[in-house]
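The values are calculated or read from the model by the stated rules, or taken from the named source; none is laboratory data. In this text the structure is predicted, and so the values were computed from the model without any measurement. Note that we place each Cβ from the backbone using ideal geometry, even for glycine, and neighbour counts take in every protein chain shown. Ligands, DNA and RNA are stripped out before the accessible areas are found, and what is left, the full protein with its side chains, is counted by its heavy atoms. Shrake-Rupley method; radii C 1.70, N 1.55, O 1.52, S 1.80 Å.
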Amino acid sequence: MNVLVVGGAGYIGSHAVRLLIAAGHHVWVYDNLSRGHRQAVPAGLLIKGELSDRSKVVQTLRENQIDAVMHFAAFALVNESVTDPALYYRNNVIAALDLLEAMREADVKKIVFSSTTATYGQPDVVPIPEETPQCPINPYGFTKLVVEQALADYAAAYGFAYAALRYFNAAGAHPDGTIGEDHDPESHLIPIVLQVALGQRDKITIFGNDYNTKDGTCVRDYIHIDDLGDAHLRALEKLTPGTGICVNLGTGQGTSVREIVEACREVTGHPIPEIIGPRRAGDPDELIADARRAKEVLGWSPRYTDVQSIVETAWRWHQSHPDGYT
Ligand code: UDP
């Protein structure tokens, strides 16, 4: 297929681009580089532009005879969405609707969309099945839910074929160490712990040890970035006009913050000092995927099933790029 990867210069998008190319698809990346990295995109594939530039998006879709779009271009920090919701509604909702309108104009109706576990809010049942009511508790989750709903409506009314993939905690890096996670400022657990191992920070602060979990620290479902990408490729093949595929992408296994820190100690050989800090606002005790539907619908299952192997790939990236993409 001819695939336009919107946000393909970002962490998850750039890994999907590599997998798409390896699978023989023709790929173009559309990105405004506001948070993505030019160096994460293979030479010659980047089209720099805004989603609000309708004529440019339509032209890109038409000129390259695009069959399907993967949409990764969104902001994804819960705290930031609380302090600056306008940024999130503009970037995640308005820009996504701009993209859908350009797709309608160019008659491209296949889309794989990055959704999130944040659409579930504080779920009562863990592991979380897709039937769980989607009741977000922060603007980030709401922005993603709005787009999921728009996709369902566009499918019903205009014949769009979509997949909404609800990510749990994306982690790790391409195994060859050439692309990886680089946020500024960094807020995610594994990169921060590995920055301690690199000597760039003196300790890791664990945000709360009084949660109702196995060791008191928050439990999350860490899924390797290439397993996420693999699910996108499978979703692409399953897109059906007039309908949508909504699936969780997680391993189904919960790992605590303490267990992540311990895995990082084992992988790096560094003692990684830790302190316990206050809870971070809005962190639920446990978020673990019920990942059965993705297996059934996409024939997908994660290849990285233990956090140590995920951390190993992240460590390779951080060691070879201690300052990220520079
Ligand atoms: N966390 C932590 N210290 C940090 C960063 C994160 O204890 O410096 C915890 C955070 O409270 C959460 C888990 O690590 O329970 C994963 O956080 P991250 O920001 O990586 O992903 P999120 O779950 O917010 O998407």
> Restricting attention to segment 166-216, which residues are open to solvent by less than 10 Å² (accessible area, probe 1.4 Å), over 30 Å from Val147 (Cα atoms) and away from the ligand (no atom under 12 Å from the Cβ)?
Replying inline: Gly177
> Any idea which of Ala235, Ala281 is closer than 23 Å to Thr117 by Cα, surrounded by fewer than 18 Cβ atoms within 10 Å (Cβ to Cβ) and either without any contact (Cβ under 8 Å) to a residue 60 or more places away in the chain or not basic (Lys, Arg) (or both)?
Replying inline: Ala281
> Are there any pairs with C-beta distances below 7 angstrom linking a residue in segment 179-200 that is within 20 Å of Asp221 (Cα to Cα) to a residue that is within 13 Å of the ligand (Cβ to nearest atom) and open to solvent by 40 Å² or more (accessible area, probe 1.4 Å), with the two at least 6 apart or on different chains, and if so which?
Replying inline: Glu181/His188; Ser187/Leu77; Ile192/Arg201
> Within segment 32-89, which residues are among the polar types (S, T, N, Q) and within 17 Å of the chain's Cα centre (by Cα)?
Replying inline: Ser34, Asn79, Ser81
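Here's the yes/no breakdown for (1) surrounded by 20 or more Cβ atoms within 10 Å (Cβ to Cβ); (2) free of Cβ contacts under 8 Å to residues at least 12 places away in the same chain; (3) acidic (Asp, Glu):
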site: Arg62; (1), (2), (3): no, no, no
site: Asp67; (1), (2), (3): no, no, yes
site: Ala76; (1), (2), (3): yes, no, no
site: Leu100; (1), (2), (3): yes, no, no
site: Met103; (1), (2), (3): yes, no, no
site: Ile111; (1), (2), (3): yes, no, no
> In this structure, is His71 in contact with a helix residue (DSSP H, G or I) (Cβ under 9 Å, 6 or more places away or on another chain) and more than 30 Å from Pro185 (Cβ to Cβ)?
Replying inline: no
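Here's the yes/no breakdown for (1) in contact with a Pro (Cβ under 8 Å, 6 or more places away or on another chain); (2) under 25 Å from Ile225 (Cα atoms):
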site: Val78; (1), (2): no, yes
site: Val82; (1), (2): yes, no
site: Arg90; (1), (2): no, no
site: Ala106; (1), (2): no, no
site: Lys110; (1), (2): no, yes
site: Thr116; (1), (2): no, yes
site: Pro123; (1), (2): yes, yes
site: Ile128; (1), (2): no, yes
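Whether any residue in segment 230-245 is within 15 Å of the ligand (Cβ to nearest atom), of a type outside the set (D, E, K, R) and either on the phi < 0 side of the Ramachandran plot or modelled with pLDDT of 95 or more (or both) is what I want to check.
No: zero hits.
A quick yes/no check of all residues on (1) open to solvent by 30 Å² or more (accessible area, probe 1.4 Å); (2) among the β-branched types (Val, Ile, Thr); (3) assigned to a strand (DSSP E or B); (4) in contact with a Phe, Trp or Tyr (Cβ under 9 Å, 6 or more places away or on another chain):
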site: His15; (1), (2), (3), (4): no, no, no, no
site: Ile21; (1), (2), (3), (4): yes, yes, no, no
site: Arg35; (1), (2), (3), (4): yes, no, no, yes
site: Gly44; (1), (2), (3), (4): yes, no, no, no
